[in-house]
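Okay, so here's the structure we're looking at.
Derivation of every value follows stated rules applied to the coordinates shown; laboratory data play no part. Owing to the predicted nature of the structure, the values given are computational and were not obtained by experimental measurement. Glycine gets a Cβ as well: all are built from the backbone with ideal geometry, and neighbour counts include every protein chain shown.
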Amino acid sequence: MRRVNFETYNNAFSKISEIQFLNAPSEFQSNRWLTCIQTPSFEFRENIRLGLEKENIESRPLWKPMHQQPIFQKYTSYINGVSDNLFEKGLCLPSGSNLSKEDISFIIKCIKKLI
């Protein structure tokens, strides 16, 4: 079901250049445990996240990089900006196996309305 969710989102947003999906390498088959998108900016991502929140739809930014977390700030980090960029512009969409077709359709409709 998580693969079906991913494909549904991917098809729905395929013509929207501001939404990019994080794809798996071609030689692997992802379990699509989590469907994540990358947006053009923090503001764009937040517009979607907060708009979904108003509709009682949970989404969240990608994981905060370890070097940004206070507990790890004193340790050496080797960064190139990729994790910061993903955290700033990335959004995890609802991906649960228990989502119905109606749930996914509503989420897609809300996101399209927001952008």
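Just a few scattered comments:
- Residues whose placed amide H lies under 5 Å from that of residue 99, excluding near-sequence neighbours: none
- Rounded to the nearest Hz, the phi-derived 3J(HN,Hα) couplings of segment 53-58 under the Karplus curve 6.51 cos²θ - 1.76 cosθ + 1.60 (θ = phi - 60°) are 4, 4, 8, 6, 10, 7, where x marks glycine and proline.
- Partners of residue 15 within straight-line reach, counting aspartates and glutamates whose Cα lies under 17 Å from its Cα and excluding those fewer than 8 residues away in the same chain: 7.
- Shown for the chain is the translational diffusion coefficient from the Stokes-Einstein equation, using the Kirkwood radius over Cα pairs, a temperature of 10 °C and a viscosity of 1.306 mPa s: 105 µm²/s.
- Ordering 56-65, 25-34, 69-78 by mean Cβ neighbour count within 10 Å, with the highest value first, yields 56-65, 25-34, 69-78.
- What the phi angles of segment 8-21 give under the Karplus curve with 6.51, -1.76 and 1.60, with θ = phi - 60°, is a coupling list of 5, 4, 4, 5, 5, 10, 4, 9, 9, 5, 6, 10, 10, 9 Hz, glycine and proline written as x.
- Charged neighbours of residue 53, selected by a Cβ distance under 13 Å, balance to +1 (K, R count +1; D, E count -1).
- Under 5 Å, built H, 5+ apart or other chain: amide partners of residue 115: none
- Applying 0.36 nm per residue to the separation of residue 50 and residue 78 and subtracting their alpha-carbon distance, the gain on full extension is 6.9 nm.
- Structural descriptor for segment 1-110: relative contact order 36 percent, calculated from alpha carbon pairs under 8 angstrom and at least 6 residues apart.
- For segment 86-100, 3J(HN,Hα) per residue [Karplus equation, 6.51 cos²θ - 1.76 cosθ + 1.60, θ = phi - 60°, Hz, x = Gly/Pro]: 5, 5, 5, 10, x, 9, 8, 8, x, 9, x, 5, 8, 5, 8
- Spacing of the two label points (7 Å from each Cα toward its C-beta) at residue 112 and residue 87, in nm: 3.4 nm
- Under 5 Å between amide hydrogens, built in the peptide plane, is the criterion, and for residue 57 it picks out nothing among residues at least 5 positions away or on other chains.
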